[in-house]
Every structure is written in C-alpha cells, then in structure tokens.
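Got a structure for you, questions after.
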Amino acid sequence: MRGLFVTVEGGEGSGKSTLIDRLYAHLTLEKGASVIKTFEPGGTPFGQLVRELLLEKHDVQMAGKAELLLFLADRAHHVETLIKPALEKDMVVLCDRFTDSSLAYQGGARQIAKIDPKIEEVCLFATGGLIPDITFYLDIPPEEGLARIKRGKDRLEKEHLSFHQRVRENYLLLAKKHPQRIVVLDARKTTDEVYREALEKLEATCHAI
Ligand code: TYD
C-alpha cells in the first residue's frame, strides 16, 4: 500500500478544517494530485449513524469504553471502505481526526488509558495497524479554541474546561512520544502562517517517503 496518509488533529476551534481545505486546494489545483478529504467521526454513511449516536444524543448516558468503541467502529469501517482503498490507489488522504483523537479524548481526557493501558492495541486493531505518514496537531489553549465556536456545541464540546485541558495535555504527550510523525503547529498564529508551516513539513515528508 502506498499513497500518503495525512491526519489533522486538535482541540475544539483549532482551525483543522481551514488547514485541510487549504492543503486540499494546493495538492489538487497546484500539484494535480488525487486527493480525498475526509473526517471522523462520520466519513462514511455508516459513520454518519455512529456520529449521531456519539455527538447528538445529549441526554443518553454513555460509558467511557462504549464511547471509545463507537469511535473505533466508525474508524474501522472508514479505514476498510474508504481510506485503505484510496491509499492502495496511490491517492493522498487528508483526514480530519484519527487515532490520536481517541487517545487524547477517550484515553487521556476520559482516562480510559489509566484503567487499561492496552487502549493503543485496541486502536491498532480497529485500523488494522494503519498509522498516518504525518499528523498535524493544531495546538491552542482550550479557552481560546472554545470561544471561537459559533455554532451550537455537541456532546463532547459541552464537557468542562478541565476535560479540554486534559485533551490538550494528552495531545502534547503524544507529540513528544512520536516526534517523527506528529508536527505541532501553534494555532494562535494566522491561518496563513499555520498553512505555510504545514506545507513545508508536508513537502519534506513527501520527499522522505
Ligand atoms: P466534530 O463536530 O467533527 O468537530 P471537530 O473535529 O471540528 O471538533 O467533532 C468531533 C468530536 O468528537 C470532537 O469533540 C472530538 C471527538 N472525538 C473523540 O472524542 N474521539 C475520537 O476518536 C474522534 C475521532 C473524535
């Protein structure tokens, strides 16, 4: 399998979709690459059903492990039916959130990893071992990110500030653990600056693989 698998991660309001849209435009219009832009949860029709359960059912209690397994069900189907086939066709896949989200939100902020450190193995089982070639983590203090959200908040966005602070701490820990793969970008910079830094790293990765 080849192609290029790029994921974008970050807390709420960190500007992931703006960065993805700009990278998509550059890769398709200027480089003539075949690119798929997708997201989690909900990048497939099955995923849309799972997304509704995960984010829109505000009044239903959900055990932490059940939440994790729903995100992984979405991802398993997404990888098998969309991401893997695209990579096999040598395409570039730009994905808004992937395994690092589950590790930062469910593993870190919900603290499932404290009860069961095998969470990484479970995540790898879901993806069949697929790991991104490069991941951009858009770092922003959660109070600033949450203040940027104008639309109504979903079930996870409604969590306390301390939850979002733990998400950020866990993303930074992941970035420390995987410095080759995870590029930390300061999301408080202008969208232009963030885009330029990301593009530079992306081009370096393309040359390296
Ligand atoms: P979404 O509406 O897609 O917005 P955004 O990605 O712009 O924040 O929300 C997805 C939510 O789901 C977000 O709060 C992060 C959360 N999430 C997890 O908790 N674990 C996961 O594995 C994934 C993929 C997302």
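For the list (1) basic (Lys, Arg); (2) at pLDDT 95 or above; (3) closer than 25 Å to Leu156 by Cα, I need the number of the one condition that Lys89 fails.
If we test Lys89 against (1) basic (Lys, Arg); (2) at pLDDT 95 or above; (3) closer than 25 Å to Leu156 by Cα, just (3) comes out false.
Can you pull out the residues in region 1-33 that are touching a strand residue (DSSP E or B) at 6+ places or on another chain (Cβ under 7 Å) and without any contact (Cβ under 8 Å) to a residue 60 or more places away in the chain?
Correct list: Thr28, Ala33.
Have a look at Glu203, Glu120 and point out the one that is part of a helix (DSSP H, G or I), among the charged types (D, E, K, R) and more than 15 Å from Leu103 (Cβ to Cβ).
Only one candidate qualifies: Glu203.
List every residue pair whose Cβ atoms lie under 7 Å apart, where the two residues are 6 or more positions apart in sequence or sit on different chains, the first residue falls within region 82-107 and is within 21 Å of Lys177 (Cα to Cα), and the second residue, located anywhere, is modelled with pLDDT under 95 and not in a helix (DSSP H, G or I).
Tyr105/Leu156
Continuing with this model, one more query. Consider Gln165 against the criteria (1) surrounded by 16 or more Cβ atoms within 10 Å (Cβ to Cβ); (2) at pLDDT 95 or above; (3) outside any loop (DSSP other than H, G, I, E, B): it satisfies all of them except one. Which criterion is unmet?
So the condition that Gln165 fails would be (1).
What are the residues in region 94-152 that are surrounded by fewer than 22 Cβ atoms within 10 Å (Cβ to Cβ) and among the aromatic types (Phe, Trp, Tyr), if any?
Phe125
Could I ask something else about it? Which members of region 94-111 meet the condition of being over 17 Å from His164 (Cβ atoms) and either of a type outside the set (Phe, Trp, Tyr) or more than 8 Å from the ligand (Cβ to nearest atom) (or both)?
Leu94, Cys95, Asp96, Thr99, listed by residue number.
Hey, can you tell me all the residues within region 143-179 that are out of contact with any strand residue (DSSP E or B) (no Cβ under 9 Å at 6 or more places or on another chain) and farther than 29 Å from Leu53 by Cβ?
Listed by number, the residues that qualify are Glu144, Lys177, Pro179.
The values are calculated or read from the model by the stated rules, or taken from the named source; none is laboratory data. All values reported here derive from a predicted model rather than from experimental measurement. When we count neighbours, we look across all protein chains shown, and the Cβ atoms used for this are built from the backbone with ideal geometry, even at glycine.
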